[in-house]
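So the structure is just underneath, and the comments pick up after that.
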Amino acid sequence: MPSTARATAPSRHALALTLAALAVFATGAWGRPDGEGWAVAYDLVLYNAVYVGAALVCALAALRAEGDRLAWWSMTVALLLGVAGNLVYSLVVARMAEEPFPSIADAFYLGFYVPLYVTLVGLIRARVARFHASMWLDGVVGALGAGAVAVAVLLGPALEVTEGHLAAVLTSLAYPIADVVLLALLVGVGAILGVRRDRTLLLLGAGIVAQLVGDIVFLDLATAGVYVEGGPLDLTWLVAMASFALAAHHSDPGAVQASADAGARAATRVGWRVLALPLTCNLASLVILAAGYGDRFSAAAAWLAVGCVVAALARTAITFREVRAFNEVREQARTDELTGLPNRRALIDEARRMLATATARHPAALLLLDLDGFKEVNDSLGHHAGDSLLGQVGPRLRGALRTSDTLARLGGDEFAVLLPDAALDVAQARAEQIRELLLQPFTVEGTRLHVGVSIGVATAPVPAATVQELLRCADVAMYAAKASREGVRVYVPDPHGGTGDRLHTMEELRTALDEGGQLLVHLQPQVDLEDGRVVGAEALVRWQHPTRGLLSPADLLPAAEQAGLLRPLADTVLELSLTAAARWWPERRVPVSVNLSAADVTDLDLPTKVARALDRHGLPAAALTLELVEDTLMADPERGRAVLGQLRRLGVRTSIDDYGTGYSSLAYLRHLPADELKLDRSLTLDVGRDPRAAAIVRHTVALAHDLGLTLVAEGVEDVDTAAVLARLGCDTAQGHAIARPMPVEAFVDWLQTPAPLSNP
């Protein structure tokens, strides 16, 4: 970087010197003052000052632009060779009585072309990180086509000059041949790079064109014997040198690297910017062949034109192959490798097109499918069996879909179906049809397998106006269907807030779970109704929202359920609860109770996670009680009982929460591996006033005790209710008569001097 900063200011000064010398020389090209001194000043000093200034700018550019360093050092050498040729001609050759031809000055002038060729090669090498076959062919087409035109137009007269000494003839031919090669190389470079807004290349090309124009006109004038040294024609060469200086001054290392990166990323060379020059050269070659019929042009021009056409045919074949390869890669990038269905990228592209034409009268729908029980297939039969099952989903559903519908695999066991021009009732009916098809058994490696499916249905443009909203709405509905075991759930916006509000809350909850610090627990004590001892504390989650304040479970849990975050939420609550229990456990052995969701109860990894969490906090299993609602076991009772059995073997107590509100409490009590029942507040609320409620509680207490279970009464709001529950045989009470849920710090203080039962 320091070298760049030092080179900028001198480069501006050198460029200013170059342009000033050119401007002064131009004023004298049409009206030069008489006298030998003025001739020396113009022809020797000003003319060469342009070369020297341009060489200095190129040298400074070589120090500044690392990518173009070879090119600008080569250009510097070319310009210095030009200066040497000018000085030798003006100071030595022009002063001879009879100017020799060729002279030593011609060696410098012809040597000027060699580093100029290197400059072009260096510039293209810096801008193309990797050459493709099509690049080489484009360059060959451009070079041969330009060569054919140049030989036909420029070398035609020169090739006829065969009189004189061999050295003179060869030197006369060397100049136009060098120009033809330069033109061919320039067009070839342009064909490889394509039409682009690269100021450095454009200025360099302009300089080379000016150089070629000057050489062509000079050849014609010199052949006719009317060339005048120092005249307007000399300006063409000086303009070329000034263009070289401008190109070097504007050389940008960052642009060079960006150009190389873009070239490296290019998969195919298709488009008018790339094909313009090769196509033009090919057409010019065809014109040469057609117009030169009958030996109008030289054989060299004809053979170059033929070579250009042949190279163009090869380039056409390469283009077809590249386009086919590009389409194959594009198709692979949009296709799921396992199932052959469109993937997420293809689905999103199709959804964008679908939403562009969807209206309220002609809505579109998205079905999001997630297979239930797929993990068990992988775990028990292996991933190859799971892959085989996934491969059967597409063929099975194809008959239920229209040709305009799109079935895609999003990843894992998630699929999606786009339904254009489908109202909500049509989409729901299609979802039910798909569910029925997927509930039928699959045959995998000779084994009949059953898997379930949860499907979320969302529509556009209402309530989802964008692809992202459509995916989120369908995702919310799908997780709701999975949590409720309904199979199909239609997304319905929250009547108390817009779709955006609920989705925003879900995303904020994800962030809160990932970053931590916002979720916390409040603790509500549980006391023994016989002696008033504190025998437990239930952990109730709270969300300290950064803008909405403290949110209760009523605000938090629905968003967690719809977003499929119940399991990570339970993990967080477990961690917070055990962290709190570790503060009082050494002095007060009061266990903490944590609620589980249906997703947790059927998680076979739950016992291991609980054991690790207890060990991490240095707590025994007796410090934790896990609560679950009995209904959560109905979806998969065998699996739930297995998980609860493992927890009990660890020594962790389990509690059936909200007992009395389920569908088959008595039947499940027989098999549930539980330690306690928690009577729902609906049974305890009127126990002091309603004999029927009291009878239910009394018999429930007897049943629980006969089964070896402890009974906890929830919702104890006053002292009288607590007294009635104690007489009925309840073991433990929890409610406002004891204490409201409180932060951890307040609960730790409360434990030191527990308050007696009182009316709130």
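The values are calculated or read from the model by the stated rules, or taken from the named source; none is laboratory data. Predicted, not measured: the structure shown is a model, and the values here were computed from it. In this analysis, Cβ positions are derived from the backbone assuming ideal geometry, glycine residues included, and neighbour counts consider all displayed protein chains. Each accessible area value is taken on the protein alone, full model and side chains, heavy atoms only, with ligands, DNA and RNA left out. Shrake-Rupley method; radii C 1.70, N 1.55, O 1.52, S 1.80 Å.
Taking amide H positions as modeled 1.01 Å from N, with prolines and chain starts lacking one, the residues under 5 Å from Ala422 and 5 or more places away or on another chain are Ala364, Ala365.
For Arg689 and Ala755, a Förster radius of 30 Å and the Cβ-Cβ distance give a FRET efficiency of 0.70, rounded to the nearest 0.05.
The slack in the chain from Leu70 to Asp571, taken as 0.36 nm per residue of separation less the alpha-carbon distance, amounts to 174.2 nm.
Give me the tail of P(r) for the stretch 381-516 as a percent: Cα-Cα pairs with distance above 24 Å. Distances greater than 24 Å cover 36 percent of the Cα pairs. Between amide H atoms placed 1.01 Å from N, distances below 5 Å from Val535 occur with Gln526, Val527, Asp528, all of them 5 or more places distant or on a separate chain. Between Pro607, Leu628, Val590, the Cα set farthest toward the positive side of the dipole of the stretch 585-630 (charges on each charged residue's Cβ, about the Cα centre) is that of Val590. Backbone geometry of the stretch 608-616 corresponds, through the Karplus equation with coefficients 6.51, -1.76 and 1.60 at θ = phi - 60°, to 3J(HN,Hα) couplings of 5, 4, 5, 4, 5, 5, 4, 5, 5 Hz, x marking Gly and Pro. For Leu410, the residues whose amide H sits under 5 Å from its own are Phe415, Ala416, ignoring neighbours fewer than 5 places away on the same chain, with H placed 1.01 Å from N.
Computed over protein heavy atoms with a 1.4 Å probe, the carbon and sulfur contribution to the accessible area of the stretch 561-634 reaches 53%. What the phi angles of the stretch 534-542 give under the Karplus curve with 6.51, -1.76 and 1.60, with θ = phi - 60°, is a coupling list of 7, 10, x, 8, 8, 8, 10, 6, 9 Hz, glycine and proline written as x. Extension gain, Asn378 to Ala726, is 120.1 nm, computed as 0.36 nm per intervening residue step minus the present C-alpha separation. Which one of Gln433, Thr403, Val453 is farthest out on the positive end of the charge dipole of the stretch 403-453, using unit charges on Cβ (Lys, Arg +1; Asp, Glu -1) and the Cα centre as origin? Positive-most Cα among the choices belongs to Val453. A simple rule links phi to the HN-Hα coupling: the Karplus curve 6.51 cos²θ - 1.76 cosθ + 1.60 with θ = phi - 60°, which for the stretch 736-743 gives 5, 5, 9, 5, 7, x, 9, x Hz, with x for Gly and Pro. Stretching the chain fully between Asp349 and Val209 yields a gain of 45.7 nm (0.36 nm per residue, less the alpha carbon separation).
For a paramagnetic label modelled on Asp421 (point 7 Å from Cα along Cα→Cβ), amide N atoms under 15 Å away belong, within the stretch 358-376, to 358-365. Here each label is just a point 7 Å from Cα along the line to Cβ, and for Gln440 and Leu221 those points are 9.0 nm apart.
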